[in-house]
Amino acid sequence: MARNLDAKCRQCRREGEKLFLKGEKCFTDKCAIERRSYAPGQHGQKSGARLSGYGQQLREKQKIRRTYGVLEGQFRRAFAEAERKKGQTGENLLQLLESRLDTVAYRMGFGASRAESRQIVRHNGVLVNGKRVNIPSYSVRPGDVVELTEAARGHLRTKAALEAADSRGFPEWVSVDVKSAKGTFKALPQRAELSSSLNEGLVVELYSR
C-alpha cells in the first residue's frame with residue numbers, strides 16, 4: 001500500500017504551521033515549528049519569495065493533503081466526489097476527509113495522530129457498528145458507532161492517546177465514552193467547526209483551471 005514517507009516535521013515546516021502529524025510532540029516545545037519556523041532544506045531560511053496565485057493554490061492543496069494524510073490520487077477522487085454532491089464543493093471536500101475512518105478514529109482519541117489512528121484501523125483494531133473495518137478510507141456516516149476492539153483497548157499507547165484527547169476535549173460532531181473506548185459520529189462537521197487555517201477555496205480554484 002502506498003504511503004507518504006516524508007518526515008512529519010519537515011512537512012509542517014514546509015507549510016509554515018503545525019499540522020499535528022506527530023501526536024503529543026506537537027503540543028510541546030519540542031515541536032519543530034516552535035524551534036525552526038522556516039522551511040526545511042539548505043535554503044529554507046532564505047525562501048521568502050512571494051508565491052503566485054497558482055503557487056498559493058498548490059501550496060494549500062499540499063497542506064490539506066498532508067493534514068489528512070492522503071495521497072494525490074485519493075485527494076483527487078475525494079474532490080471529484082465533493083463536486084458531485086450538493087452544496088459548496090470546498091466544504092463537501094473537508095466533510096468527506098473528516099468522515100474517513102482514520103480521521104474519525106483520530107478525532108475520537110483512539111490514536112495520538114492520524115497516522116497512528118490509521119495504523120490501528122489497518123491492524124483490525126476498530127469496529128464500526130459492531131463490525132471490524134480495516135479500511136482507513138472507509139466513509140463513516142452520521143449515527144455510526146465506532147469503537148476499539150478489546151485487544152486495541154489494552155494497548156498503553158491507545159490508553160495514553162484517549163486520556164490526552166479527553167483532557168483537551170473532543171470536537172462537537174463526535175461523542176466519546178473514554179472508559180469503553182467507544183464513540184458516535186453524530187454529524188458531518190460544519191465549516192465553522194473546522195480549522196480556519198485551511199483555505200479550501202484555493203483548492204476549488206486550482207481544480208477549476
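The values are calculated or read from the model by the stated rules, or taken from the named source; none is laboratory data. Source: prediction; values computed, not measured. Counting neighbours? That spans all protein chains shown, and the Cβs are built from the backbone with ideal geometry, glycine included.
With the checklist (1) crowded, with 21+ Cβ neighbours inside 10 Å; (2) out of contact with any strand residue (DSSP E or B) (no Cβ under 7 Å at 6 or more places or on another chain); (3) part of a helix (DSSP H, G or I) in hand, flag the one item Arg77 doesn't pass. Failed condition: (1). Since Gly125 meets every condition but one in (1) modelled with pLDDT under 95; (2) in contact with a helix residue (DSSP H, G or I) (Cβ under 6 Å, 6 or more places away or on another chain), which condition does it not meet? It is condition (1) that Gly125 fails.
Of everything in region 55-74 that is of a type in the set (S, T, N, Q) and more than 11 Å from the chain's Cα centre (by Cα), the residue that is surrounded by the most Cβ atoms within 10 Å (Cβ to Cβ) is Gln57. The residues of region 114-163 that are in a helix (DSSP H, G or I) and acidic (Asp, Glu), listed by number, are Glu116, Glu150, Glu163.
Of all residue pairs spaced 6 or more apart or on separate chains, those with beta-carbon atoms under 9 Å, a first member in region 40-59 that is aromatic (Phe, Trp, Tyr) and a second member that is modelled with pLDDT of 80 or more are Tyr54/Leu206; Tyr54/Arg209.
Scanning region 38-54 for residues that are touching a Ser or Thr at 6+ places or on another chain (Cβ under 6 Å) and modelled with pLDDT under 95 turns up at least one hit. Identify the single condition in (1) at pLDDT 95 or above; (2) within 24 Å of Gln74 (Cβ to Cβ); (3) exposed (fewer than 13 other Cβ atoms within 10 Å of the Cβ) that Glu172 does not satisfy, given that it satisfies every other one. Every listed condition holds for Glu172 apart from (2).
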